[in-house]
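J.: Quick one: the structure is below, and I'll ask about it shortly.
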Amino acid sequence: MKKLVVLISMLVSVATMWGQTFVSTQPGERNVLIEEYTGVECQYCPLGHKAVDKTMAAFPGKVFAINIHQGMFASRYTTQWGNSLAQQAGVTGYPSATMNRHAFEAGSIQINPGQAYPCALQILKESSPVNVAATVDVDPATRLMVVKVEVYYTGYSQGDFDLLNVALVQNNVLGQQTGGSSYYPENIVNGQYRHNHILRHLLTGQWGDTIQHPVAGTFFTKEYAYVVPQRINDLDITNIDDLSVLVFVCENQKEVLNVCEAIRISDKAYMAYGNGGGKECSMDYRPNVVVVNPTGKTISNLRFDVNGQEVLRNKSIHPYCTDTVQLLEYTIGDMPAVHENYEKTCRVQFVGYTTEGATVNLSNQMMDIEYAEADIYTVEGPLKLTIKYDGFPEEVSFSLAGLSDCQYYYRVVGKSNNANKTVEYTLSPATAGLYRLKLMDEGGDGLNGTVTVTDAANNTLFSRNAKDLMVWDNYYFNITTPGTDGPIGSVVGIEEPNAQTAEWNVWPNPVSSVLHISDGTDIRRVEVLDLCGRVQATSAGREINVSTLPAGLYILRVITAEGITTKKIIKQ
């Protein structure tokens, strides 16, 4: 069947949007697009797949991936688009990747896929001048796919034009992968490797469709129709449900300003994915699910069953929007006498909701969420952390944070003269209590040696081969003996940008009633927005009451004489 791309409609408006739209018109943060260069004959490519998948799981709905099979190791699953993309990325080896086509190092947009997590942390803290939203409607009988894209600029792009890209990717392809069983055994299904995010087609061509002279207030919308063929190159497309559509906007051919996944139009809402909901400085877990509203009507009064307990959430989700819904809170309270491993799961069923006064009941909307995975040790301090470095110790870092005061006690990056050496660190926090150890390898390729922790009596608490080290953050130590070293700085998580990067701060966050804004800025207006950009509360002063809002994640927007800035807040 001949491929068909048809322009159905196009509208560009500089200041005013006519009719109903679903893209947010409020400032927001950047999402992440990882373009990974890979191949089925590449031995170490499964390590890259694993690193990218873990990063997507850590930031659901914020990080998206396209796997581009290209180059000397790609004997299958290639497309006509791969070589030009790889040439622009400057691919010099496999696996390789780009993240938002951003140059983290001068002159190069290429990164190791193992760097996905720390690079994503950086991108997700940035604001974006453009919001992107899309829907996709598929007729399984005719295989006609209609994609509607909406783009709205809340700020100014750097160039004279931007490029809109619409990519078709395929998931759940079972086949061969060299190194799969060794480096990503969790991805083996019935003896075959499961390939995801495979680039199949670019509906907008190699570099995208042009958005001319974008400025704040520009609204751009475009629809595409595409008849999905039965086969693209050597890969059958038998199940339409295995396809997804990613939409992203670039400055020129590089720097991805924002990205989203198109919502597939349907007649009922559904749960897209779940998350453990752990906090940076707590052993409390609030599992959450992302609910997608693929209908043209607002839904509200969401009903869930969580481990047999009814959970109601008075939350409204607008047409073609998604929102994160927090469920019950679980707390790891009593500390073990010696050591305990927590791996807990809650079963969540999305039971139904209300739309236009009518109750909609759902079936087969079930998922299991792992909400706690932690190794907890009760020990006498000081502890001794031993790291056997490889040739790139400056890529490896660790931190020890106190959960009672949310303070770092140690933050250490390996030094270049530690290369290929075994280094011991003494961890002796001044206060007895619970601490979290986090280790990270920004290179993403792990270490050639081990990481070991021993207690004051030189008993080995754990010793782990670090060949798979990317981010280890599930080790907790209840240290019973006060030590000598005090805190060195506050813990800052991805949900709470560092206050030093803004001219104002907010407290408390999370908040239950009144949110306060610090002095130092000429504030004209304060707004609280939901994740679809709708204003939920306003204030003209330095306080804003959010007590009537449902629990969840919101965007605080502060308008000052100098401009507009935003922060994420959590309503308890």
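The values are calculated or read from the model by the stated rules, or taken from the named source; none is laboratory data. What you are looking at is a predicted structure, and each value in this text was computed from that prediction instead of being measured. Heads up, the Cβs are rebuilt from the backbone with ideal geometry, glycines too, and the neighbour counts pull from every protein chain shown. Areas reflect the complete protein model, heavy atoms only, side chains present, ligands, DNA and RNA absent. Shrake-Rupley method; radii C 1.70, N 1.55, O 1.52, S 1.80 Å.
J.: Among the strands (runs of 3 or more DSSP E) confined wholly to the stretch 209-289, which include 1 or more residues that are at pLDDT 95 or above and among the charged types (D, E, K, R)? Spell out how you get there, then give the answer.
T.: Working: elements: 209-212, 219-227, 243-251, 254-261, 270-275.
Because the criterion is at least 1 residues that are at pLDDT 95 or above and among the charged types (D, E, K, R), the strands (runs of 3 or more DSSP E) in the stretch 209-289 that meet it are 209-212, 219-227, 254-261.
J.: Identify, from the list Ala430, Ala457, the residue that is touching a Gly at 6+ places or on another chain (Cβ under 6 Å) and among the aliphatic types (A, V, I, L, M). Don't jump to the end; show me each part of the working.
T.: Values: Ala457 fails: touching a Gly at 6+ places or on another chain (Cβ under 6 Å).
Step by step, each of Ala430, Ala457 is checked, and only Ala430 is touching a Gly at 6+ places or on another chain (Cβ under 6 Å) and among the aliphatic types (A, V, I, L, M).
J.: Next question. Of a type outside the set (Gly, Ala, Ser) and open to solvent by 40 Å² or more (accessible area, probe 1.4 Å): does that describe Lys222? Steps first, answer last, please.
T.: Details: of a type outside the set (Gly, Ala, Ser): yes; open to solvent by 40 Å² or more (accessible area, probe 1.4 Å): no.
For Lys222, the condition - of a type outside the set (Gly, Ala, Ser) and open to solvent by 40 Å² or more (accessible area, probe 1.4 Å) - is not met.
J.: How many residues are closer than 25 Å to Ser24 by Cα and either in contact with a helix residue (DSSP H, G or I) (Cβ under 6 Å, 6 or more places away or on another chain) or in a strand (DSSP E or B) (or both) if we restrict to the stretch 319-342?
T.: Matching residues across the stretch 319-342 total 6.
J.: Would you point out the residue of the stretch 100-126, among those that are hydrophobic (A, V, I, L, M, F, W, C) and over 20 Å from Asp473 (Cβ atoms), that is most open to solvent (accessible area, probe 1.4 Å)?
T.: Applying the first criterion (hydrophobic (A, V, I, L, M, F, W, C)) to the stretch 100-126 yields 103-104, 106, 109, 111, 116, 119-121, 123-124.
Still in the running and over 20 Å from Asp473 (Cβ atoms): 103-104, 106, 109, 111.
Values: Ala103: 47, Phe104: 56, Ala106: 109, Ile109: 14, Ile111: 16 Å².
Here the residue is Ala106.
J.: Out of Pro95, Pro129, I need the residue that is closer than 20 Å to Asp53 by Cα and open to solvent by less than 40 Å² (accessible area, probe 1.4 Å). Which one?
T.: Pro95
J.: Next question. Please enumerate the residues belonging to the stretch 524-559 that are under 18 Å from Ser127 (Cβ atoms), surrounded by fewer than 19 Cβ atoms within 10 Å (Cβ to Cβ) and at pLDDT 75 or above.
T.: Arg525
J.: On to the next question. Please go through the stretch 57-75 and give me each residue that is touching a strand residue (DSSP E or B) at 6+ places or on another chain (Cβ under 7 Å), surrounded by fewer than 22 Cβ atoms within 10 Å (Cβ to Cβ) and free of Cβ contacts under 8 Å to residues at least 40 places away in the same chain, ordered by number.
T.: Answer for the stretch 57-75, where residues must be touching a strand residue (DSSP E or B) at 6+ places or on another chain (Cβ under 7 Å), surrounded by fewer than 22 Cβ atoms within 10 Å (Cβ to Cβ) and free of Cβ contacts under 8 Å to residues at least 40 places away in the same chain: just Gly71.
J.: Let me ask something additional. What are the residue pairs meeting all of these: first residue in the stretch 439-451, first residue farther than 15 Å from Pro46 by Cα, second residue modelled with pLDDT under 80 and not in a strand (DSSP E or B), Cβ atoms under 7 Å, and 6 or more apart or on different chains?
T.: From residues that are farther than 15 Å from Pro46 by Cα, the pairs are Asp441/Met470.
J.: Still on this structure, please answer the following. Taking the options Tyr371, Tyr377, name whichever one is buried (at least 18 other Cβ atoms within 10 Å of the Cβ), under 30 Å from Glu329 (Cα atoms), within 32 Å of the chain's Cα centre (by Cα) and modelled with pLDDT of 95 or more.
T.: Working: Tyr371 fails: modelled with pLDDT of 95 or more.
Only one candidate qualifies: Tyr377.
J.: Any residue at all in the stretch 153-164 that's touching a His at 6+ places or on another chain (Cβ under 8 Å) and among the charged types (D, E, K, R)? Break it down stepwise before answering.
T.: Let us first name the residues in the stretch 153-164 that are touching a His at 6+ places or on another chain (Cβ under 8 Å), namely 160-161.
Narrowing further to those that are among the charged types (D, E, K, R): 160.
Yes; the residues of the stretch 153-164 include at least one that is touching a His at 6+ places or on another chain (Cβ under 8 Å) and among the charged types (D, E, K, R).
J.: Is there a residue being over 27 Å from Asn275 (Cβ atoms) and among the aromatic types (Phe, Trp, Tyr) anywhere in the stretch 393-405?
T.: Looking through the stretch 393-405, none of the residues is over 27 Å from Asn275 (Cβ atoms) and among the aromatic types (Phe, Trp, Tyr).
J.: Considering the stretch 242-254 alone, what residues qualify as being touching a Lys or Arg at 6+ places or on another chain (Cβ under 9 Å) and within 11 Å of Gln170 (Cα to Cα)?
T.: Matches in the stretch 242-254: Leu243, Ser244, Val245.
J.: Could you look through the stretch 411-457, keep only residues that are closer than 25 Å to Asn112 by Cα and charged (D, E, K, R), and pick out the one that is most open to solvent (accessible area, probe 1.4 Å)?
T.: Step by step, filter the stretch 411-457, then rank; the result is Arg411.
J.: Let me ask something else about it. Against the definition (in a helix (DSSP H, G or I) and either open to solvent by 20 Å² or more (accessible area, probe 1.4 Å) or not hydroxyl-bearing (Ser, Thr, Tyr) (or both)), how does Ala86 come out, yes or no? Spell out the reasoning first.
T.: Values: in a helix (DSSP H, G or I): yes; either open to solvent by 20 Å² or more (accessible area, probe 1.4 Å) or not hydroxyl-bearing (Ser, Thr, Tyr) (or both): yes.
Taking the combined requirement at face value, the residue satisfies it.
J.: If I go through the stretch 290-307 residue by residue, how many of them are assigned to a strand (DSSP E or B) and in contact (Cβ under 8 Å) with a residue 60 or more places away in the chain? It would help to see each step written out before you state the result.
T.: Just the residues of the stretch 290-307 that are assigned to a strand (DSSP E or B), to begin with: 290-293, 299-306.
Then keep just the ones that are in contact (Cβ under 8 Å) with a residue 60 or more places away in the chain; that gives 290, 299.
So the answer is 2.
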